[in-house]
1. Give segment 127-163 a look and list any residue that's touching a His at 6+ places or on another chain (Cβ under 7 Å) and assigned to a strand (DSSP E or B), or say none.
2. Can you confirm whether segment 218-225 contains a residue that is assigned to a helix (DSSP H, G or I) and under 30 Å from Val25 (Cβ atoms)?
3. Which one of Ser171, Ser208, Ser200 is surrounded by 15 or more Cβ atoms within 10 Å (Cβ to Cβ), modelled with pLDDT of 95 or more and part of a loop (DSSP other than H, G, I, E, B)?
4. Can you list residue pairs whose Cβ atoms sit under 8 Å apart, with the first residue in segment 96-123 being loosely packed, with under 15 Cβ neighbours inside 10 Å and the second being hydrophobic (A, V, I, L, M, F, W, C) and part of a strand (DSSP E or B)? Count only pairs 6 or more apart in sequence or on different chains.
5. Would you pick out the residues in segment 182-212 that are touching a helix residue (DSSP H, G or I) at 6+ places or on another chain (Cβ under 9 Å) and among the charged types (D, E, K, R)?
6. Looking for whichever is crowded, with 21+ Cβ neighbours inside 10 Å and hydroxyl-bearing (Ser, Thr, Tyr) here; the options are Thr40, Thr11. Which one fits?
7. Condition first: within 25 Å of Ala69 (Cβ to Cβ) and charged (D, E, K, R). Can you find one or more residues in segment 226-248 that meet it?
8. Could you tell me which of the residues Ser71, Ser76, Ser37 is at pLDDT 95 or above, over 25 Å from Ile95 (Cα atoms) and in the same structural domain as Thr97 (by TED's automatic domain parsing)?
Amino acid sequence: MLHQLSVAIITYNEQKNIARCINSVKKVADDIVIIDSYSTDDTVKIAEELGARVVFNKFSGHIEQKNFAISQAKYSFILSLDADEAIDETFEQEILTIKNQSQIAAAYNTNRLNNYCGKWINFGAWKNDWKLRLWDSTKGKWGGMNPHDKFTLENPNEQIITLRGKILHWSYYSVNEHQQRASKYADIAARAYLKQGKKSSIFKIYFSPIFRFVRDYFIKLGFLDGKYGFMIAKITAQEVFLKYKKLYELR
């Protein structure tokens with residue numbers, strides 16, 4: 001292998017997923033590091049039994065946690081995953097091919113396929129869920145706005161290659177879990193908006209959720225995913241409502 005790869009995995013009490021995540025990357029990884037924010041379940045025990053390194057770090061934000069993971073990886077060529085994700089066989093083979101090339105690109109774009117309550121979602125806002133997760137960490141860092149982080153290249157003209165393989169994401173196991181997480185994420189996003197000086201209004205509080213639902217459910221064909229397509233669009237709209245309502249209250 002010309003290039004060695006670190007796989008950096010972020011955990012959030014992910015006992016039911018961590019083994020699947022680690023096992024999916026064993027053939028491609030030269031180093032697997034778990035960044036754990038002091039899990040209270042058996043996540044750490046399972047990870048160590050599977051041969052991963054575990055580094056503890058207090059959680060101060062999604063972006064901050066993932067940038068910390070970069071500093072703990074042995075190699076600059078990194079695949080970044082959350083513990084509720086795994087890679088499919090096509091992505092695995094593509095990574096093995098890339099590792100044997102004389103040169104690697106700055107980053108690789110990969111689509112993420114989301115599983116919701118046991119069903120793979122093919123339409124709506126989650127249809128084209130493209131992610132930069134495989135990259136040369138010397139070329140960029142995690143940015144965006146919590147809780148919705150994204151890897152950003154310092155030079156936007158750097159080469160990005162789109163791959164056919166997918167990241168498989170087990171998002172929520174129940175509608176109730178989604179509702180609870182949406183409320184939490186709305187609060188995090190509102191506080192992040194406040195720090196950046198963004199403002200809310202009565203118009204945004206009531207119009208933005210309606211626009212989001214119409215866009216995701218009708219324009220992006222979320223209705224083709226049946227009842228779960230409706231629930232995703234509905235709860236996402238509720239999250240938007242709560243975000244702007246919370247921001248309005250904070251200001």
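The values are calculated or read from the model by the stated rules, or taken from the named source; none is laboratory data. Remember, it's a predicted structure, so these values are computed and weren't measured experimentally. With ideal geometry, Cβ positions are generated from the backbone for all residues, glycine too; neighbour counts draw on all protein chains shown.
1. Here is the first cut: in segment 127-163, the residues touching a His at 6+ places or on another chain (Cβ under 7 Å) are 146-147, 149.
Result: Asp149, single match.
2. There is at least one residue in segment 218-225 that is assigned to a helix (DSSP H, G or I) and under 30 Å from Val25 (Cβ atoms).
3. Ser200
4. These pairs meet every condition: Trp120/Leu113.
5. Across segment 182-212, the qualifying residues are Asp187, Arg191, Lys198, Lys199, Lys204, Arg212.
6. Thr11
7. Just the residues of segment 226-248 that are within 25 Å of Ala69 (Cβ to Cβ), to begin with: none.
No - not one qualifying residue is present in segment 226-248.
8. Result: Ser37 is the single residue among Ser71, Ser76, Ser37 that is at pLDDT 95 or above, over 25 Å from Ile95 (Cα atoms) and in the same structural domain as Thr97 (by TED's automatic domain parsing).
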